[in-house]
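The values are calculated or read from the model by the stated rules, or taken from the named source; none is laboratory data. What you see is a predicted model; the values in this text were computed from it and never measured. So basically every Cβ, Gly included, is an ideal-geometry build from the backbone, and we count neighbours across all protein chains shown.
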Amino acid sequence: MEKDYTGKLISFEGPEGSGKSTQAEIIYKWLLKKGYDAVLTWEPGGTELGRMVRDILLNRGLAIGPKAEMLLYGADRAQHVEEVIHPALRKGKIVICDRYIDSSFAYQGCARGLGADFVEQVNALASGGLFPDLTLLFDLPAEEGFKRKKQCDFDRIEREGLEFHEAVRKGYLMAAEKNPHRVKIIDASRPLEIVSEDAISIVYRFLKGWEHNAKRD
């Protein structure tokens, strides 16, 4: 995607139980308090169409093949970028997105075994080439993540076995290794307040660098 916007996209990633959604909301509220124009959104389900796709993807009664699953996530993402993310970026806003392209690499590319090439092709088409400016990866062992969640409420993805979710974590760590300039790993096994402090510190430094460069331009 040709960069026709002045805003910034910050994605929040992590395996099940990592607390990324809680941290996304904390950062969003912190940004508003600091006077930034920010938007909090998520995948799947950040649009009306996305909510319908989400219901399909997380339905425990459906058997969905890996490729169909990836394409459904791609449809959600395409609508999300067109309807929510890109318009907000064009208005100069900071977009906080709970899950984005790295989720597809970790879940479908690695844990589902589709591989990087297929996932990257779908991501490129769906996002129009729109990549995050910063990604916070809340890292947590799969077993620890499941201890934090109520198993009776597990959706279709969460119900996958421990081996699947360990592969998800490895996929995330691979994404971080491939993109160290963008993906910042945060140890999510620590108390929530300490994790939040780390997240705020990373976002603060990122925004200061962005503002400094904007002034130079």
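Taking the conditions exactly as written (more than 23 Å from residue 7 (Cα to Cα) and under 18 Å from the mean Cα position of the chain (by Cα)), does residue 161 satisfy them or not? Spell out the reasoning first.
Numbers: more than 23 Å from residue 7 (Cα to Cα): yes; under 18 Å from the mean Cα position of the chain (by Cα): no.
Criteria not met by residue 161.
Which of the following residues is closer than 25 Å to residue 181 by Cα and in contact with a Ser or Thr (Cβ under 6 Å, 6 or more places away or on another chain): 103, 11, 21? Don't jump to the end; show me each part of the working.
Working: 103 fails: in contact with a Ser or Thr (Cβ under 6 Å, 6 or more places away or on another chain); 21 fails: in contact with a Ser or Thr (Cβ under 6 Å, 6 or more places away or on another chain).
Going through 103, 11, 21 in turn, just one is closer than 25 Å to residue 181 by Cα and in contact with a Ser or Thr (Cβ under 6 Å, 6 or more places away or on another chain): 11.
With respect to residue 72, determine if the residue is assigned to a helix (DSSP H, G or I) and out of contact with any strand residue (DSSP E or B) (no Cβ under 7 Å at 6 or more places or on another chain). Outline the logic, then answer.
Details: assigned to a helix (DSSP H, G or I): yes; out of contact with any strand residue (DSSP E or B) (no Cβ under 7 Å at 6 or more places or on another chain): yes.
In short, yes.
Among the candidates 168, 203, 122, which residue alone is touching a residue at least 40 places away in the same chain (Cβ under 8 Å), among the β-branched types (Val, Ile, Thr), out of contact with any strand residue (DSSP E or B) (no Cβ under 6 Å at 6 or more places or on another chain) and more than 15 Å from residue 13 (Cβ to Cβ)? Give the derivation first.
Details: 168 fails: more than 15 Å from residue 13 (Cβ to Cβ); 203 fails: more than 15 Å from residue 13 (Cβ to Cβ).
From the options 168, 203, 122, the qualifying one is 122.
Any chance segment 68-75 includes a residue that's without any contact (Cβ under 8 Å) to a residue 12 or more places away in the chain, surrounded by fewer than 21 Cβ atoms within 10 Å (Cβ to Cβ) and over 19 Å from residue 132 (Cα atoms)?
Within segment 68-75, the first condition is being without any contact (Cβ under 8 Å) to a residue 12 or more places away in the chain, and the residues that meet it are 68.
Going one step further and asking which of them are surrounded by fewer than 21 Cβ atoms within 10 Å (Cβ to Cβ), we end up with 68.
Filter again for over 19 Å from residue 132 (Cα atoms), leaving 68.
Yes: segment 68-75 contains one or more residues that are without any contact (Cβ under 8 Å) to a residue 12 or more places away in the chain, surrounded by fewer than 21 Cβ atoms within 10 Å (Cβ to Cβ) and over 19 Å from residue 132 (Cα atoms).
Exactly one condition in (1) charged (D, E, K, R); (2) at pLDDT 95 or above; (3) out of contact with any Asp or Glu (no Cβ under 6 Å at 6 or more places or on another chain) is not met by residue 55; state its number.
Failing condition for residue 55: (2).
For (1) in a helix (DSSP H, G or I); (2) more than 21 Å from residue 93 (Cα to Cα); (3) in contact with a Cys (Cβ under 7 Å, 6 or more places away or on another chain); (4) at pLDDT 95 or above, each residue gets a yes or a no:
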| residue | (1), (2), (3), (4) |
| --- | --- |
| 11 | no, no, yes, yes |
| 23 | yes, no, no, yes |
| 27 | yes, no, no, yes |
| 35 | no, no, no, yes |
| 40 | no, no, no, yes |
| 45 | no, no, no, yes |
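Select from segment 118-169 the residues that are among the hydroxyl-bearing types (Ser, Thr, Tyr) and farther than 19 Å from residue 188 by Cβ and list them in ascending order. Let's see the steps before the verdict.
Pass one, segment 118-169, residues among the hydroxyl-bearing types (Ser, Thr, Tyr): 127, 135.
If the condition is that a residue be among the hydroxyl-bearing types (Ser, Thr, Tyr) and farther than 19 Å from residue 188 by Cβ, then 127 is the only one that fits.
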